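K.L.:
The structure under discussion is supplied below as structure tokens; questions concerning it will follow.
The values are calculated or read from the model by the stated rules, or taken from the named source; none is laboratory data. Since we're looking at a predicted model, the values are computed, not measured. Here the Cβ is made from the backbone with ideal geometry for all residues, glycine too, and neighbour counts use every protein chain on show. What goes into the accessible areas is simple: the full protein's heavy atoms, side chains included, and nothing from ligands, DNA or RNA. Shrake-Rupley method; radii C 1.70, N 1.55, O 1.52, S 1.80 Å.
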Amino acid sequence: MNFNLDKMPERTQRPRSNGITMVTDKGLSLQDTKDFLSVASPHVDMVKLAFGTAYVTPNLKEKIDLFHAFNVPVYFGGLLLEAFIIRNQFDDYLNVAKEYGIKYFEVSDGSLDIPHAEKCGYIEKLAKLGTVLSEVGSKDKDREHITPPYKWIELMKSEMDAGASYVIAEAREQGTVGLYRDSGEVREGLVQEILTKIPGENIIWEAPRKDQQLYFLRLVGCNANLGNIAANEVISLEAMRVGLRGDSFHFYL
């Protein structure tokens, strides 16, 4: 930090296993990436190349190498894995990951209806190659069959048993599905019930909106794992984590 302040919370330091900030990259240029990392890299723990953007991103290898030069893990969005699976190209996905030096893997079933046993099979295979993040909650996007809390817990447990290091509690880019109601309001009962059975350090809460981030910081503390953070909001989130934003000013005094 740049100067001393008393009564500051104890933030974990990189490389950290909790207190994670996961950033969603929807198409930063090489120069944007350099600028972003020059400012934010101490506060970024992993970067997701959103949905299938890796397929169409120019200079992809150079971009990934740049993240790695700053010791920031980068991985493909879960939708890209689904795109390979539906085309019966899982082995090709593994080859692509190897080619680009990717050792973090997101496994999701938000666009493709994958039987859960099969999803756990992919998690098990990928866990032998690196760190797996499995996503839970995407099935709630249609609002027709909201997944009850016990089912979230059941899915999370089985995916961690299959080898996932983290389970991602789904919100999508808008923060209006999964963990949240259409308005973006947190489904508090769901969150609190999950935390009775699943260790908070193993959950990455997707929280693209400031009010959602604030909720988890208030509930879990400054070292809550937060995901789907925009690149240009990393510094402001870090300030909020340590009580240096109006919404969190009184958290630690």
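K.L.:
Scanning the stretch 59-106 for residues that are assigned to a loop (DSSP other than H, G, I, E, B) and polar (S, T, N, Q), which turns out nearest to Glu118 (Cα to Cα)? It would help to see each step written out before you state the result.
P.N.:
Residues of the stretch 59-106 that are assigned to a loop (DSSP other than H, G, I, E, B), as a first pass: 59, 70-73, 77, 87-89, 100-103.
Imposing the further condition that a residue be polar (S, T, N, Q) reduces the set to 59, 71, 88-89.
Working: Asn59: 33, Asn71: 32, Asn88: 13, Gln89: 15 Å.
Across the stretch 59-106, the extreme among qualifying residues is Asn88.
K.L.:
Among the candidates Ile64, Ile153, single out the residue that is open to solvent by less than 10 Å² (accessible area, probe 1.4 Å) and among the hydrophobic types (A, V, I, L, M, F, W, C). Before the answer, list the steps.
P.N.:
Working: Ile153 fails: open to solvent by less than 10 Å² (accessible area, probe 1.4 Å).
Going through Ile64, Ile153 in turn, just one is open to solvent by less than 10 Å² (accessible area, probe 1.4 Å) and among the hydrophobic types (A, V, I, L, M, F, W, C): Ile64.
K.L.:
Give the number of residues within the stretch 216-228 that are of a type outside the set (S, T, N, Q) and either under 11 Å from the mean Cα position of the chain (by Cα) or closer than 23 Å to Ala50 by Cβ (or both).
P.N.:
As a first pass, look at the stretch 216-228 and keep what is of a type outside the set (S, T, N, Q): 216-222, 224, 226-227.
Of the ones still in play, those that are also either under 11 Å from the mean Cα position of the chain (by Cα) or closer than 23 Å to Ala50 by Cβ (or both) are 216, 224, 226-227.
Going through the stretch 216-228 one residue at a time, the tally reaches 4.
K.L.:
Of all the strands (runs of 3 or more DSSP E) wholly in the stretch 136-253, which have at least 1 residues that are small (Gly, Ala, Ser) and modelled with pLDDT under 95?
P.N.:
Details: elements: 166-169, 203-206, 226-230.
Result: empty, no element qualifies.
K.L.:
Which condition does Lys7 not pass, out of (1) in a strand (DSSP E or B); (2) of a type outside the set (Phe, Trp, Tyr); (3) over 21 Å from the mean Cα position of the chain (by Cα), if it passes all the others?
P.N.:
So Lys7 meets the others, but not (1).
K.L.:
Find the residue count for the stretch 68-91, including only residues that are surrounded by 22 or more Cβ atoms within 10 Å (Cβ to Cβ) and without any contact (Cβ under 8 Å) to a residue 12 or more places away in the chain.
P.N.:
Total satisfying the criteria: 0.
K.L.:
Of everything in the stretch 229-249 that's touching a residue at least 40 places away in the same chain (Cβ under 8 Å) and open to solvent by less than 10 Å² (accessible area, probe 1.4 Å), which residue is farthest from the chain's Cα centre (by Cα)?
P.N.:
Ranking the qualifying residues of the stretch 229-249, first place goes to Gly243.
K.L.:
Looking at the structure I just gave you, is Glu106 surrounded by 21 or more Cβ atoms within 10 Å (Cβ to Cβ), among the acidic types (Asp, Glu) and modelled with pLDDT of 95 or more?
P.N.:
Details: surrounded by 21 or more Cβ atoms within 10 Å (Cβ to Cβ): yes; among the acidic types (Asp, Glu): yes; modelled with pLDDT of 95 or more: yes.
Yes; evaluated as a whole, the condition is true for this residue.
K.L.:
Could you tell me whether the stretch 205-213 includes any residue that is surrounded by fewer than 18 Cβ atoms within 10 Å (Cβ to Cβ), touching a helix residue (DSSP H, G or I) at 6+ places or on another chain (Cβ under 8 Å) and within 22 Å of Val39 (Cβ to Cβ)?
P.N.:
Within the stretch 205-213, one or more residues are surrounded by fewer than 18 Cβ atoms within 10 Å (Cβ to Cβ), touching a helix residue (DSSP H, G or I) at 6+ places or on another chain (Cβ under 8 Å) and within 22 Å of Val39 (Cβ to Cβ).
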